[in-house]
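Just below is one structure, and these are the notes that go with it.
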Amino acid sequence: MSSVEFASEPRHSDFLIEPMTAHDLLEIVEIEESCRLSLWGWDSYYAELLRPEAIMLVARRTYLDQLTGHHLHGFISGRVSANELHINNIGVHENARRRGVGNALMEAAISAGTQQNALTAILEVRAGNVAAQSLYRRYGFEVAGRRRQYYREPTEDALLMNALLKPPT
């Protein structure tokens, strides 16, 4: 897990950005499946949690959803390697979209990446996911290429997007 420490004070009214734990993984997999992400599954996320260069964060609700029993609004998974932050997956629960969760997760991941000396960031996004592409463009990501038939269920191309990161001040 990332060595970056996060403040416990809320930056948002109903969630905190915190390091992911193994206890979060069942909800992570549920969010992953509902968002039609590349399916990693519990084992892959658990293995990633053990990697020191991994950036694994959650948007944890400040309350328990009494109807669903869920604690998380969303998550982001990334890794720094050779001065590059690769965003592997980001997912926001359908009921929490358009409330700043994706922005908060991206900001925290980029901040953690730059603290680990990442100079660039890279990610793949479904070609048809215009909302996600818009989010990434706000953080300086631009389309750098296309990966044909990258996604399954349904099969879809991925746009490869990258951005230059600002070093921490």
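The values are calculated or read from the model by the stated rules, or taken from the named source; none is laboratory data. Everything numeric here is computed off the predicted structure, so don't read it as measured data. For neighbour counting, all protein chains shown are included, and Cβ atoms are generated from backbone atoms with ideal geometry for every residue, glycine included.
Within region 126-169, can you find the residues that are small (Gly, Ala, Ser) and under 18 Å from residue 113 (Cα atoms)? Before you say what the answer is, go through the steps one by one.
Here is the first cut: in region 126-169, the ones small (Gly, Ala, Ser) are 127-128, 131-132, 134, 140, 144-145, 158, 163.
Result: 140, 163.
Suppose we filter region 129-169 for residues that are within 23 Å of residue 32 (Cβ to Cβ), surrounded by 14 or more Cβ atoms within 10 Å (Cβ to Cβ) and over 16 Å from the mean Cα position of the chain (by Cα); how many remain?
6
Just checking, how many residues over region 46-62 are of a type in the set (Ser, Thr, Tyr) and touching a strand residue (DSSP E or B) at 6+ places or on another chain (Cβ under 7 Å)? Show your work before the answer.
First pass over region 46-62, keeping only residues of a type in the set (Ser, Thr, Tyr): 46, 62.
Those still in the list that are touching a strand residue (DSSP E or B) at 6+ places or on another chain (Cβ under 7 Å) too: 62.
Number of matching residues: 1.
Counting just the residues of region 107-125 that are buried (at least 21 other Cβ atoms within 10 Å of the Cβ) and without any contact (Cβ under 8 Å) to a residue 60 or more places away in the chain, which one comes out farthest from residue 87 (Cα to Cα)?
118
I want to confirm something. Restricting to region 61-80 and keeping residues that are modelled with pLDDT of 95 or more and over 14 Å from residue 28 (Cβ atoms), which single residue is nearest to the chain's Cα centre (by Cα)?
Once the filter is applied, the top-ranked residue is 79.
Residue by residue through region 124-139, note down the ones that are outside any helix (DSSP H, G or I) and aromatic (Phe, Trp, Tyr). I'd like the intermediate steps shown before the answer.
Let us first name the residues in region 124-139 that are outside any helix (DSSP H, G or I), namely 124-129, 139.
The answer is 139, and nothing else.
Kindly indicate whether any position in region 33-47 is touching a Gly at 6+ places or on another chain (Cβ under 8 Å), at pLDDT below 85 and in a loop (DSSP other than H, G, I, E, B).
First pass over region 33-47, keeping only residues touching a Gly at 6+ places or on another chain (Cβ under 8 Å): 34-35, 37.
Remaining after also requiring at pLDDT below 85: 34-35, 37.
Filter again for in a loop (DSSP other than H, G, I, E, B), leaving 35, 37.
Yes, some residue in region 33-47 is touching a Gly at 6+ places or on another chain (Cβ under 8 Å), at pLDDT below 85 and in a loop (DSSP other than H, G, I, E, B).
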